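Any read-out appearing in this document is the output of simple, stated calculations on the displayed coordinates, not a laboratory observation. Quantities reported herein were computed from a predicted structural model and do not represent experimental measurements. As a convention, Cβ positions derive from the backbone with ideal geometry for all residues, glycine included, and neighbour counts pool all protein chains shown.
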């Protein structure tokens, strides 16, 4: 028995190391690819020696590619953990910020703030964007929760999420109808979802929020594990269910709000990545799944961002397009697998 | 008293469903709540484990008021086995059992070596060692229930509360599960409170039984003190069929009408014959039974015409006459236990009466049935036509 446990942990460690390797490979490939090609030697020189001499190469690397890569890594992980928390909370394998309409809620709030605020300010500070997205997320989450308590069936929950997200999109469209043309362009490109707007301040801000979210989720991994057996059992083990649920909602909303504020709504990462992670690890223990799915989400988004930038270069695809192409099949596969088990 | 309630009222939405619940049991005893579906057994249990707010009254566990206990303290005292169907993902049975260690592990839930030992021991208790590495979602209902019990044991509680633990289980697994509970109560002094559907099992396993019906607990106490056939039949509103306390058995509705068949029985020989007649809805009379005979217990549930006589006393002449007159009215007589060849003088007397009255007699019912060509229904019909 004991040897088995050691073996399992060793397996986990191998997977983590492999993911880290993949992560670094993707970072390097990402830096190295783009419309302006920069020789590898030059890249290493610029990064290692921290050359910021306002040359084209240095600017591209320091001001465009590096922040974008970091943002993709940070937000991809955040989406995955948010998805994992939501799946645990709703006991629904395909719950995620996008499916439940939380991303749309955030988008609606950000759209509203963008259009209103741009009439008074030149640009919207990122803290305001995040705050708006957070409020929008919580709003939708509240609505979904309200309905889900009355229904309690898995498929209905998703129907509600999708309906709520339609409502939010309608309201967003309503704002757009009455917005100035320049704002519309802004909003549309943002709402397609992209990591292209990354700046160092965005990176720092989101890094702080997401790190906080990740650590908090990790610290909750014990009650999350108990919650997997259902509310009744969780409570019997001494968990304060109400407080725990609130914490779970706030955390998952914060994480997905952060993503929506900086990169727009990104679909399927939240659903697909936690499942890929569980499948890789062959466990659902939250203490492992939370950090590893963060890492896995980072890798997934780096990969998707790479494709969105390079597949049809110089034209860039929306990140949501790529994540859907790779994420949606995972969801289909999940449904088939569940059918088989049931 | 380890567990005690004081004028407890339970219910939903601040409305009391059952009130004035006063239960008290000592450590290491088993208390079973019985009552029909929807009577509120689960409501009481859920209130005791704080999953439902109580309406009024007090609950004491080991002398401490439940209101003054934190969830964590309660979790170290009380473990539960609920009716919730749980869906796990990629969790082995061992991992499910290990969740019972929750109240004892550190902030991140890391299991120590001691914890792993307790998991093993709990699995052994329920004879589930071989299940440890199997996926919880892929095992049978019976195994699942045993694993959930192991999980509760793993929590090292003073008390285990189980809501209908035997639902969905077949008879073998029911017995197995209850045996384990008995063992835990006896050896480890764990107090058990549960709800059960099976009255027969409840009376056998429990130290105390509480009948939940209507707005109050109608009866509560050791099973042999509070139970008679009437209590149970009225508790479950059994109007068809009956429950026999002494035998712990349930009989189906007795056939109506004047008896066409007379069964000469005794010494347990009559029961298979009675049941066969009941199944075909053929009303029957039977005799001559001593009242300490097992046949008598079943016969009185299935027939209105039972000729019986008190045990350990000479048979009253009057009873014998009664039997003789009933047998003359019958169109078929069944000798359920080969009484013609055996001792009992009274049964031989009855059979002689039948022969004298020229009534067909099935001699030695078990042998008659064994050759496979006869059916009791056909025989009864043929006899009636005669």
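In the list B:41, B:54, which residue meets the criterion of being touching a helix residue (DSSP H, G or I) at 6+ places or on another chain (Cβ under 6 Å) and more than 14 Å from chain A (Cβ to nearest Cβ)?
B:54 is the lone residue from the list that is touching a helix residue (DSSP H, G or I) at 6+ places or on another chain (Cβ under 6 Å) and more than 14 Å from chain A (Cβ to nearest Cβ).
Residues that are farther than 19 Å from residue A:309 by Cβ and either within 14 Å of chain B (Cβ to nearest Cβ) or out of contact with any helix residue (DSSP H, G or I) (no Cβ under 7 Å at 6 or more places or on another chain) (or both) within region A:21-51 comprise A:21, A:41, A:44, A:45, A:48, A:49, A:50, listed in sequence order.
If you check A:169, A:127, A:155 for being assigned to a helix (DSSP H, G or I), surrounded by fewer than 17 Cβ atoms within 10 Å (Cβ to Cβ) and in contact (Cβ under 8 Å) with a residue 24 or more places away in the chain, only one passes: A:127.
Where helices (runs of 4 or more DSSP H) fall entirely within region A:228-288, those with at least 3 residues that are within 28 Å of residue A:5 (Cα to Cα) are at A:231-236, A:269-281.
Among the residues of region A:91-110, not a single one is surrounded by fewer than 24 Cβ atoms within 10 Å (Cβ to Cβ) and outside any loop (DSSP other than H, G, I, E, B). The set of residues in region B:72-122 being buried (at least 17 other Cβ atoms within 10 Å of the Cβ), at the interface with chain A (Cβ under 8 Å from one of its Cβ atoms), over 30 Å from residue A:275 (Cα atoms) and out of contact with any strand residue (DSSP E or B) (no Cβ under 8 Å at 6 or more places or on another chain) consists of B:75, B:76. The one condition from (1) away from every other protein chain (no Cβ under 14 Å); (2) closer than 24 Å to residue B:1 by Cβ; (3) assigned to a helix (DSSP H, G or I) that residue B:212 does not meet is (3). From the list B:230, B:297, the lone residue that is surrounded by 16 or more Cβ atoms within 10 Å (Cβ to Cβ) and in a helix (DSSP H, G or I) is B:297. Among the candidates A:282, A:278, which residue alone is within 14 Å of another protein chain (Cβ to nearest Cβ), closer than 23 Å to residue B:109 by Cβ and surrounded by 18 or more Cβ atoms within 10 Å (Cβ to Cβ)? Unique residue meeting the criteria: A:278.
Look at residue A:224 and say whether it is part of a loop (DSSP other than H, G, I, E, B) and within 14 Å of another protein chain (Cβ to nearest Cβ).
no
Scanning region B:233-247 for residues that are crowded, with 16+ Cβ neighbours inside 10 Å, under 12 Å from the mean Cα position of the chain (by Cα) and assigned to a loop (DSSP other than H, G, I, E, B) yields one hit, B:245. Between A:254, A:229, the distinction of being within 24 Å of residue A:144 (Cβ to Cβ), touching a residue at least 12 places away in the same chain (Cβ under 8 Å) and touching a helix residue (DSSP H, G or I) at 6+ places or on another chain (Cβ under 7 Å) belongs to A:254 only.
Considering region A:238-252, the residues that are over 10 Å from residue A:79 (Cα atoms) and under 22 Å from the mean Cα position of the chain (by Cα) include one that is nearest to the other protein chains (Cβ to nearest Cβ), namely A:244. Once region A:183-193 is narrowed to residues that are over 30 Å from residue A:145 (Cα atoms) and either free of Cβ contacts under 8 Å to residues at least 40 places away in the same chain or under 19 Å from the mean Cα position of the chain (by Cα) (or both), the residue that is surrounded by the fewest Cβ atoms within 10 Å (Cβ to Cβ) is A:185.
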